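Let me begin by presenting the structure, written as structure tokens, before commenting on it.
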Amino acid sequence: MRVEKLQAPLALLARLMLVFIFVIEGWGKIGNYAGTQDYMASHGVPGALLPLVILTELGGGLLVAFGLLTRLAGLALAGFCVLTAVFFHHDLADANEFIQFTKDIAMAGGFLMLVAFGAGDWSFDALWERQRSGVRISR
């Protein structure tokens, strides 16, 4: 099998795997709103930013999953990952915090790959681009 035939399904799978944690966590923050605000405040982040956090995690995660406005959502999630690493996982002497910090930086890198290369052929972004340019998919 040619590698090119795997690009579209693998790009979709990669997008879904990359945002899985963000969709789950964004939804969970809605269910534990007050607790999440307290946690944020304990790290010096105003709890009033929680709606933006939920929008970024849940909204951005769903946009990337569907491949819709992927580059913009990927950029927002990359920034979110870096900010999360800096504000919540900065105690690099603690082994667990170091792991969390490096995980956040690695995920930011994955999102920057989406910014650079897009969502792939199995995405709403690609569908709209094909429609805009008049390209038809052969069957």
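Throughout, read-outs are computed from the coordinates displayed, never taken from laboratory work. None of these values were measured; they are calculated from a predicted model. Glycine gets a Cβ as well: all are built from the backbone with ideal geometry, and neighbour counts include every protein chain shown.
Axis of helix 70-88 versus longest Cα principal axis of the chain: the two differ by about 20°, to the nearest ten degrees.
Can you tell me the FRET efficiency between V115 and A34 if r is taken as the Cβ-Cβ distance and R0 is 35 Å, rounded to the nearest 0.05? That pair, V115 with A34, gives E of 0.55.
Take the Cα of R71, step 7 Å toward its Cβ, do the same at A41, and the gap between the two points is 4.1 nm. Contact order normalised by length for segment 34-82, with contacts defined as Cα pairs under 8 Å and 6 or more residues apart; what percent is it? Computed value for segment 34-82: 25 percent relative contact order. In whole angstrom, how far apart do the alpha carbon centroids of segment 55-122 and segment 1-31 sit? The distance from the Cα centre of segment 55-122 to that of segment 1-31 comes to 12 Å. If you model segment 1-108 as an ellipsoid using its alpha carbon gyration tensor, with each semi-axis the square root of five times an eigenvalue, the axes come out at 28, 17, 11 Å, biggest first.
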